[in-house]
Structures are given as structure tokens and as C-alpha cells.
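Please read the structure below before turning to the comments.
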Amino acid sequence: MSEEETYVRAKLTEINGAIERLTQMLNRMIEVISAITEVQENTNELTLAVNANTERLDEIMRMVKELESAVPTAAAAGGPSVADKGAVSNLQAVLDTLETQVREGVIASDLAQRINETAGILEGKGVAGSLVVKMQRWTRILRTYGRVDTISPADLAKLRTDIKGWGKELSKMR
């Protein structure tokens, strides 16, 4: 072999090594970009879920505020009036709506605020103190989560059970 052939062979080997390194670097860059894209997609999905839950909670609060203005004062002696029974039905509807809105992905701090506001409204309308205390207990539990943490599945199941219990207590008011 001549010197020229040896030189060309060495340069081709060097170029081949550089191409292999570039290929490895490009593969790593593709992996990183894929991971970043996946994180962005997951973030977008979470943002949509959070926004949907926030809208639902806002709807519940709007319904509760409407109830606040619609709930008449308790009847004095002869038991609950038809209007009082209607108000209890409306409050039951709010709890039913709340129950349907509590699902995976709900932000604990938002839900804690909504439950606390609902408890305050119910307390202002003369609902049994034990029910308000139970609702405020959940407010305290949910405040132990971080500001943007979602509720754990175990706590979610317990909350749903408690909401059903709250509904039973409201139905006893009839």
C-alpha cells in the first residue's frame, strides 16, 4: 500500500468515528426531545383537567350562592314549611353536584376552599352544626395537601362516602 492509500484509509476511519459520535449524539437529542414533548403533553392534559374541575367547582359555588338567597328562614313552630323542604332539596342537589365533581385530578386546595365556603353558607342558613363541623373537618384535611396537589384515591373515596352521609343528614331535616 502506498502512503496515499494509508492516509485516505486513516481519514476515512476518522470520518467514520465522527459520524458514529454524531449519530449517538443525535439519538440522545431525539430521546430528550421526546421526553420533553411527553412532559408538555401531560402538563397540557393536567391543565385541562384542573380547569374543568375549577369550572365545575365554580358552578357548584354559584348554585350554593343562589341557594343562599333562595333559602327562607326556618318556620317557627309547626315544623318545616314547603319552602323549607324545597330549600333542603336544593341543598341536597348541591351536595349531589359536589359528589359528581369530586374525582381524580381535583386540586385539594380548590376543593378545600369550596367545601369551607359551602359549610359557611350552610351554617348561616341554620343547618345542623354537626354537618358543618364534618365539612370543616374535610377542609382541614384537604389543607394538609400541597397547594397544587391532587387528592389521594383513599381520601377521595372517604370524601365521597362522607358526602353521601351529609346528604342523609340533610334529608333528615325534611
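Quick one: which residue in D96, D110 is modelled with pLDDT under 75 and assigned to a helix (DSSP H, G or I)? Quick ask: steps written out before the conclusion?
Working: D110 fails: modelled with pLDDT under 75.
Only one candidate passes the filter, namely D96.
Of the conditions (1) surrounded by 14 or more Cβ atoms within 10 Å (Cβ to Cβ); (2) at pLDDT below 75; (3) of a type in the set (D, E), E104 satisfies every one except a single condition; which number is it?
With (1) surrounded by 14 or more Cβ atoms within 10 Å (Cβ to Cβ); (2) at pLDDT below 75; (3) of a type in the set (D, E) applied to E104, the lone miss is (1).
Examine segment 152-163 for a residue that is over 20 Å from I107 (Cβ atoms) and among the charged types (D, E, K, R), and state whether such a residue exists. If you could, list the steps in order and put the result at the bottom.
The first filter runs over segment 152-163 and keeps only residues over 20 Å from I107 (Cβ atoms), leaving 161.
Then drop every residue that is not among the charged types (D, E, K, R), which leaves none.
No, segment 152-163 contains no residue that is over 20 Å from I107 (Cβ atoms) and among the charged types (D, E, K, R).
Suppose the filter is of a type outside the set (S, T, Y), surrounded by 10 or more Cβ atoms within 10 Å (Cβ to Cβ) and in contact with a strand residue (DSSP E or B) (Cβ under 7 Å, 6 or more places away or on another chain); does N44 pass it? Break it down stepwise before answering.
On the way: of a type outside the set (S, T, Y): yes; surrounded by 10 or more Cβ atoms within 10 Å (Cβ to Cβ): yes; in contact with a strand residue (DSSP E or B) (Cβ under 7 Å, 6 or more places away or on another chain): no.
The answer is no for N44.
Restricting attention to segment 128-150, which residues are open to solvent by 40 Å² or more (accessible area, probe 1.4 Å) and in a helix (DSSP H, G or I)?
If we filter segment 128-150 for residues that are open to solvent by 40 Å² or more (accessible area, probe 1.4 Å), which is where we start, we get 128-130, 133-134, 136-137, 140-141, 143-145, 147-150.
Correct list: G129, S130, V133, K134, Q136, R137, R140, I141, R143.
Mind listing whichever residues of segment 50-65 are surrounded by 15 or more Cβ atoms within 10 Å (Cβ to Cβ) and over 15 Å from S109 (Cβ atoms)?
R56, I60, M63, V64
Only residues that are open to solvent by 100 Å² or more (accessible area, probe 1.4 Å) and either among the basic types (K, R) or closer than 30 Å to D149 by Cβ (or both): list them for segment 1-32, please.
R9, R21, R28, E31
With K125, K158 as the choices, which residue is open to solvent by 70 Å² or more (accessible area, probe 1.4 Å) and within 23 Å of E66 (Cβ to Cβ)?
Numbers: K158 fails: within 23 Å of E66 (Cβ to Cβ).
It is K125.
The values are calculated or read from the model by the stated rules, or taken from the named source; none is laboratory data. Since the model is a prediction, treat every value here as computed from it, not as a measurement. FYI the Cβ positions are ideal-geometry reconstructions off the backbone, even for glycines, and counts take in every protein chain you see. Protein only, heavy atoms only, side chains kept; ligands, DNA and RNA dropped before computing areas. Shrake-Rupley method; radii C 1.70, N 1.55, O 1.52, S 1.80 Å.
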